[in-house]
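Worksheet: one structure, shown below.
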Amino acid sequence: MKSLIFLAGLSLLFASTGLRAGNGTAAATPPKGKKVVVYTTAENTKLRISQTETVQFVDFGQPKETQPCVFVDPAKTFQTLVGIGGALTDASVETFAKLPKEKQQELLQQYYDVNKGIGYSIARTNIHSCDFSSGSYTYVTENDAALKSFSVAHDKEFRIPFIKQAIAAAGGKLTLFASPWSPPAWMKDNNDMLHGGKLLPKYDQSWANYYIKFIKAYEAEGIPVWGLTVQNEPMATQTWESCVFTGEEERDFIKKFLGPTLQKAGMGNKKLIVWDHNRDLMYQRASTVLDDPEAAKYVWGIGYHWYESWTGGGNIYENEKRVAEAYPKKNLIFTEGCAEVFDIAKLADWKWGEKYGISMINDFNIGTVAWTDWNVLLDEKGGPNHVGNFCFAPVHADTKTGELTYLSSFYYIGHFSKFIRPGAKRIISSSSRGQLLTTAFLNTDGKIAVVVMNQSNETIPYRLWMAGQAAEITSLPHSIQTLVIE
């Protein structure tokens, strides 16, 4: 039914714009007179996803090289969006619980209400503890390989209630996937949930069963689980919860244990995501797992983070492209990213938002179908975090005063999540200026959302061009805009 609705919207759009699906040629009735509503967030202004102008398409024809343009072609469609959102960690929900009730409602509305907020539609959560927990814990007692003691009672205090409220605030549906940071210590060769180590082969099946137990426990609480990643950051030995899987080990665990166990439990429809780590080794991991048909048949997609940029090499988008080119039938999903090394004096820095905007535009243009930020909320210290790995989030709470601070990153993400909705298909959006980054999606209701980000110190007048028609718009320095073609 959703696909029929989308096709109907697509047909209406092509009819109204004068474009024929599949060839991108202009027909007799281009989009002349159609309205474009412009929403803007800009540095050194009070504009925060603010409606700044409404313009119209007029006859324009062939642009000149001296005229900056963003070209949009809705006849060329690509991946379908699953959702945009953030992680619901122990740190986020414990901080949330310390807020006054009115601030709790404000946060839920700002994140999950598509009309009054930015409309988050996807979420990630941790399977027992991670670094952004107040301490290490598991769901079973020591040496219980049969998992008879399995219980998510710990999560019923803060996390499960918050997730239920988030689902309600999102209109009754929130696509949720889960990730483990480490098996219980006794399942590992270093007998420690922290500091890396490896899963002992004798516990392969028990650990596979653990995922099933988690999914069943959460679904028994009324929280549907859409998917899961095999292991968070499988090539990182961290001071917090971590476990190392080589490409071959992850491949074999999937094809011999986790994949068949999901199938046997009637959970073959759960979206299984491999890698869940940085872009640097992304192609090597994807090829190792996906070149094995027996492993690949269980895998829905490849998850990735952005932290390779912090090693000094920048974001390696080319590796992401190589995976998309080599495995076009598998999905790309951004599973985690944040600004690290928390400093409360830098909450107002504009660079946090721009980092998100650059990544999201590049990731979507490469083919990413879902984009998930890290913690949705942290406290005034960038935590809680039981190993001192404090970070930035789009929203920080002062747990002493109850006040919320919204960073530029919140608004930059919102320019995507509020206007590009699940089921939208990416379309062509191409810029004639390097200072203007852009991506665009066609929503199921027929509306087009074009995101334009200005990284420069310049004010740039440009034209939004489609089928020989153009609308005049101005991009402020260090700004991001969403242009909604009604």
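Each value in this text was obtained by applying a stated rule to the coordinates, not by laboratory testing. All figures in this text were calculated on a predicted structure; none of them were measured in a lab. Don't worry about glycine lacking a Cβ; one is built from the backbone with ideal geometry, like all the others, and counts go over all protein chains shown.
Remarks
- For residue 124, distant residues with modelled amide H under 5 Å away: 86, 87, 88, 177
- Under 15 Å, Cβ to Cβ, from residue 357 - net charge with Lys/Arg +1 and Asp/Glu -1: -1
- Global form of the stretch 25-106, assessed from the alpha-carbon gyration tensor, a/c cut-off 1.5: prolate
- FRET efficiency, residue 54 to residue 189 (Cβ-Cβ, R0 41 Å, nearest 0.05): 0.05
- Those trypsin sites (Lys or Arg not before Pro) in the stretch 326-368 that DSSP places in a loop and that have at most 16 other beta carbons within 10 Å: 329
- Rel. contact order, % - alpha carbon contacts under 8 angstrom, at least six apart, the chain: 23 percent
- Counted by Cβ distance under 11 Å from residue 158, the other residues give a net charge of -1, where Lys and Arg count +1 and Asp and Glu count -1.
- Residue order, fewest to most beta carbons within 10 Å, for 159, 124, 48: 48, 159, 124
- Legend: calculated FRET efficiency, residue 456 to residue 115, from the Cβ-Cβ distance at R0 = 35 Å, rounded to 0.05, equals 0.60.
- Summed side-chain charge close to residue 228 - residues other than residue 228 whose Cβ falls under 10 Å, Lys, Arg +1, Asp, Glu -1: +2
- Charged side chains reduced to their Cβ positions (Lys and Arg at +1, Asp and Glu at -1) give the chain a dipole of some 1640 debye around its Cα centre.
- Loop-resident trypsin sites (Lys or Arg not before Pro) (DSSP state other than H, G, I, E or B) in the stretch 168-216 with no more than 14 further Cβ atoms inside 10 Å of their Cβ: 173.
- Site pair residue 173 and residue 236 shows an inter-label distance of 3.2 nm when each label is modelled 7 Å from Cα along Cα→Cβ.
- The calculated FRET efficiency for residue 66 paired with residue 405, based on their beta-carbon distance and R0 = 35 Å, is about 0.25.
- Residue 200 paired with residue 151, simple spin-label distance in nm, labels 7 Å along Cα-to-beta-carbon: 2.5 nm
- The stretch 165-314: antiparallel DSSP beta bridges as a percent of all, rounded to 5: 15 percent
- Student exercise, the stretch 28-161 dipole from Lys, Arg, Asp, Glu Cβ charges, in Debye to nearest 20: 540 debye
- Amide H to amide H, with H built 1.01 Å from N, residue 379 comes under 5 Å of 397, counting only residues 5 or more places away or on other chains.
- Computed P(r) (all Cα pairs; the stretch 358-470; 5 Å bins; percent): 2, 10, 17, 17, 16, 13, 11, 8, 4, 2, 1, 0
- Flagged links, alpha-carbon separation over 26 Å, of 156/418; 34/64; 148/188; 76/173; 173/346: 156/418; 76/173; 173/346
- For the chain, the mean residue ellipticity at 222 nm estimated from helices alone is -7500 deg cm²/dmol, where every DSSP H run of n ≥ 4 contributes -39500 (n - 2.57) and the total is divided by all residues, rounded to the nearest 500.
- Estimated inter-spin distance, residue 265 and residue 37, nm [label 7 Å along Cα→Cβ]: 4.3 nm
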